[in-house]
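*Asks:* Structure below; questions to follow.
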Amino acid sequence: MGKREESQLEPEPLRTIYDVSSCYSEVRYRELIEKSGLMGIELNHLFENAIIDEHNRELYTYLMVWEPSVGGGIYIAAKKDPDNPQGNGTGKSYALHALTHRLCRMGIPCLYGRTVDFLMQLRAAYDEGSQESESRVLMRYTQVPVLLWDDLGKESFRTDWGPEKFYYVIDYRVRANKPIIISTNFDLAEIEVRFGRDNFGPAIASRLAGFCETWTLGGPDRRLGRRCVR
């Protein structure tokens, strides 16, 4: 009888393959959010958490599918009425916060900031011992892939210096076709006045009109509504 030979083949080891792409995406999202400018309660302002109603449904639906790669901008102004004559608290800032989250989830670097903070950063650049120059501040706002600017028109100007800096950032982004999303309580005609009709106001309003899709957001002041809840 022949002698049976033992198999010399080693059993193939079991292999477990892990899909870590979601882990990398989450790490990237957290990195981008940390650099985005959002802070505090703004970190909880997601489209998934928003109260959607007849006032904001159309705009929020648009923002949830908006594609930044096409360029252009979005101008979100307050829709004022007798019950809310200033257009405060309608969800304009929330829309920018939620869009910032969505862009970071997509892996797109973006910068959210209030326009008053932009001015403060520029002025601080001239303080003795400042670690940041004016040109570096301007570069941060011009070079970021997507800029989300909150409360345009709330600034206080004493000279032409401030309007000139806003014009510089807006004009640069328009020429480079870099997306800019703006929230404001003012329509473009009012922005022209606030930045000076004999100054940079007409140029700023004109560029935003040509570059941005304009939306209005109305309804009651949601902040006051929350305050009344017991």
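The values are calculated or read from the model by the stated rules, or taken from the named source; none is laboratory data. The structure displayed is predicted, hence computed values, not measured ones. Cβ placement follows ideal geometry from the backbone for every residue including glycine, while neighbour counts extend to all protein chains displayed.
*Asks:* Thr61: of a type in the set (Val, Ile, Thr), at pLDDT 95 or above, in contact with a Ser or Thr (Cβ under 7 Å, 6 or more places away or on another chain) and assigned to a helix (DSSP H, G or I), yes or no? Working first, answer last.
*Replies:* On the way: of a type in the set (Val, Ile, Thr): yes; at pLDDT 95 or above: yes; in contact with a Ser or Thr (Cβ under 7 Å, 6 or more places away or on another chain): no; assigned to a helix (DSSP H, G or I): yes.
So Thr61 fails the test.
*Asks:* If you don't mind, there's one more thing I want to ask. Can Ser156 be described as among the polar types (S, T, N, Q) and either out of contact with any Leu (no Cβ under 7 Å at 6 or more places or on another chain) or within 17 Å of Leu122 (Cα to Cα) (or both)? Walk me through it before giving the result.
*Replies:* Values: among the polar types (S, T, N, Q): yes; either out of contact with any Leu (no Cβ under 7 Å at 6 or more places or on another chain) or within 17 Å of Leu122 (Cα to Cα) (or both): yes.
In short, yes.
*Asks:* If only one of Ile76, Ile108 is farther than 30 Å from Ser21 by Cα and under 12 Å from the mean Cα position of the chain (by Cα), which one is it?
*Replies:* Numbers: Ile108 fails: farther than 30 Å from Ser21 by Cα.
Exactly one residue qualifies, and that residue is Ile76.
*Asks:* Looking at region 114-155, which of its residues are among the polar types (S, T, N, Q) and either assigned to a helix (DSSP H, G or I) or touching a residue at least 40 places away in the same chain (Cβ under 8 Å) (or both)? Spell out how you get there, then give the answer.
*Replies:* Applying the first criterion (among the polar types (S, T, N, Q)) to region 114-155 yields 115, 121, 130-131, 133, 135, 142-143.
Listed by number, the residues that qualify are Thr115, Gln121, Ser135, Thr142, Gln143.
*Asks:* Something else about it: Suppose we filter region 120-173 for residues that are on the phi > 0 side of the Ramachandran plot and either among the hydroxyl-bearing types (Ser, Thr, Tyr) or crowded, with 16+ Cβ neighbours inside 10 Å (or both); how many remain? Show your work before the answer.
*Replies:* Filtering region 120-173 for residues on the phi > 0 side of the Ramachandran plot gives 129, 151, 153.
Filter once more, so that each one left must be either among the hydroxyl-bearing types (Ser, Thr, Tyr) or crowded, with 16+ Cβ neighbours inside 10 Å (or both): 151, 153.
Residues that pass the stated criteria total 2.
*Asks:* Among the residues of region 93-113, write down those that are part of a helix (DSSP H, G or I) and of a type outside the set (A, V, I, L, M, F, W, C). Steps first, answer last, please.
*Replies:* In the first step, residues of region 93-113 are kept if they are part of a helix (DSSP H, G or I); the result is 93-105.
Within region 93-113, Ser93, Tyr94, His97, Thr100, His101, Arg102, Arg105 meet the criteria.
*Asks:* Counting only residues that are among the aliphatic types (A, V, I, L, M) and touching a Leu at 6+ places or on another chain (Cβ under 9 Å), which one in region 159-197 is farthest from Leu122 (Cα to Cα)? First the steps, then the outcome.
*Replies:* We begin by selecting, within region 159-197, every residue among the aliphatic types (A, V, I, L, M); these are 169-170, 174, 176, 180-182, 188-189, 191, 193.
With the extra rule that they be touching a Leu at 6+ places or on another chain (Cβ under 9 Å), the set shrinks to 169-170, 174, 180-182, 188, 191.
Values: Val169: 12, Ile170: 15, Val174: 21, Ile180: 19, Ile181: 20, Ile182: 19, Leu188: 24, Ile191: 21 Å.
The selected residue is Leu188.
*Asks:* Next question. So which residues in region 6-27 are under 30 Å from Gly107 (Cα atoms) and either surrounded by 10 or more Cβ atoms within 10 Å (Cβ to Cβ) or at pLDDT below 75 (or both)? Give the derivation first.
*Replies:* We begin by selecting, within region 6-27, every residue under 30 Å from Gly107 (Cα atoms); these are 16-27.
Thr16, Ile17, Tyr18, Asp19, Val20, Ser21, Cys23, Tyr24, Ser25, Glu26, Val27, listed by residue number.
*Asks:* Report those helices (runs of 4 or more DSSP H) wholly inside region 161-230 carrying at least 2 residues which are modelled with pLDDT of 95 or more and touching a strand residue (DSSP E or B) at 6+ places or on another chain (Cβ under 9 Å).
*Replies:* Values: elements: 161-176, 188-194, 201-211, 222-228.
Qualifying helices (runs of 4 or more DSSP H): 161-176, 188-194, 201-211.
*Asks:* When the residues of region 63-79 are filtered to those that are free of Cβ contacts under 8 Å to residues at least 60 places away in the same chain and hydrophobic (A, V, I, L, M, F, W, C), which remaining residue is farthest from Cys104 (Cα to Cα)?
*Replies:* Of the residues in region 63-79, the ones free of Cβ contacts under 8 Å to residues at least 60 places away in the same chain are 63-67, 69-70.
Right, trim to hydrophobic (A, V, I, L, M, F, W, C) and you get 63-66, 70.
Values: Leu63: 14, Met64: 13, Val65: 14, Trp66: 13, Val70: 17 Å.
Among residues in region 63-79 that are free of Cβ contacts under 8 Å to residues at least 60 places away in the same chain and hydrophobic (A, V, I, L, M, F, W, C), the one farthest from Cys104 (Cα to Cα) is Val70.
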